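Take a look at the structure set out below.
Each reported figure results from applying straightforward, stated rules to the coordinates on display, with no laboratory input. Remember, predicted model here, so these are calculated numbers, not experimental data. Reconstructed Cβ throughout: ideal geometry from the backbone, glycine too, with neighbour counts over all protein chains shown.
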Amino acid sequence: MALITRKEAAEKMGVTIQAVYMAIKQGRLTAMEDNQGNIVINSDTMVAEWNKKSAFRQMKTKTQPSTPKRKRSSITTDSIPEYEESRARTEHLKAELLELERKQKEDSLVSLKEVQQKWTEVITTARTKLLGISSKAKQRLPDLDTNAVSCIDDIVREALEELSAA
């Protein structure tokens, strides 16, 4: 009599561990304790017992009148991921969130509002400096006529408009 664990039984029969647990709970599989107190299953009689008691269960469910199941048109079996894949995706996303929280606490991440505020400050300062070019040119070159100052001012404004459109 070879005794195996519930996990080994599931692998040997090609079912999930949960199916083995349910079969034991429902009395379709006989489990016993070994000397260490672990739950084990007799591998010699396991398959025959599973087939005999599960076949009765399958016949019982087939003879009962079945209620028509509603089809869900929005979800197909193709769009539902496997449990392991779904769980792995969930764990990956949780890990990414924890990583972001850690980086934020370490001040290696900057909030979006801070970045926007700083860029607004930089752009406003640059715009102000560029608009002041024509008046600085007039101060440094006193013999510059008003037409030349106006031309410089127009060129700067045109450049700022092109930058804002981009």
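Gain in length, Gln36 to Thr146, computed as 0.36 nm per residue apart minus the alpha-carbon separation, to one decimal in nm? Don't jump to the answer; show the numbers that get you there.
Numbers: separation 110, 0.36 × 110 = 39.60 nm, distance 10.11 nm.
Between Gln36 and Thr146, full extension yields an extra 29.5 nm.
Can you give me the Cα centroid spacing of the range 96-166 and the range 18-47 in angstrom?
Between the Cα centre of the range 96-166 and that of the range 18-47, the gap is 74 Å.
For Ser164 and Lys103, FRET efficiency with R0 = 41 Å and r from the beta-carbon atoms, rounded to 0.05? Display every interim value, and only then the final one.
Values: r = 33 Å, r/R0 = 0.81.
After rounding to 0.05, the efficiency reads 0.75.
Equivalent-ellipsoid semi-axes (√(5λ), Cα gyration tensor) for the range 112-165, whole Å, largest first? Spell out each step's value before the answer.
Values: eigenvalues 166, 32, 3 Å².
After scaling each eigenvalue by five and taking roots: 29, 13, 4 Å.
Using only Cα positions of the range 3-62, each an equal point scatterer, no hydration layer, compute I(q)/I(0) via Debye at q = 0.19, 0.23, 0.27, 0.29 Å⁻¹ and quote the log10 values to two decimals.
-0.63, -0.90, -1.18, -1.32
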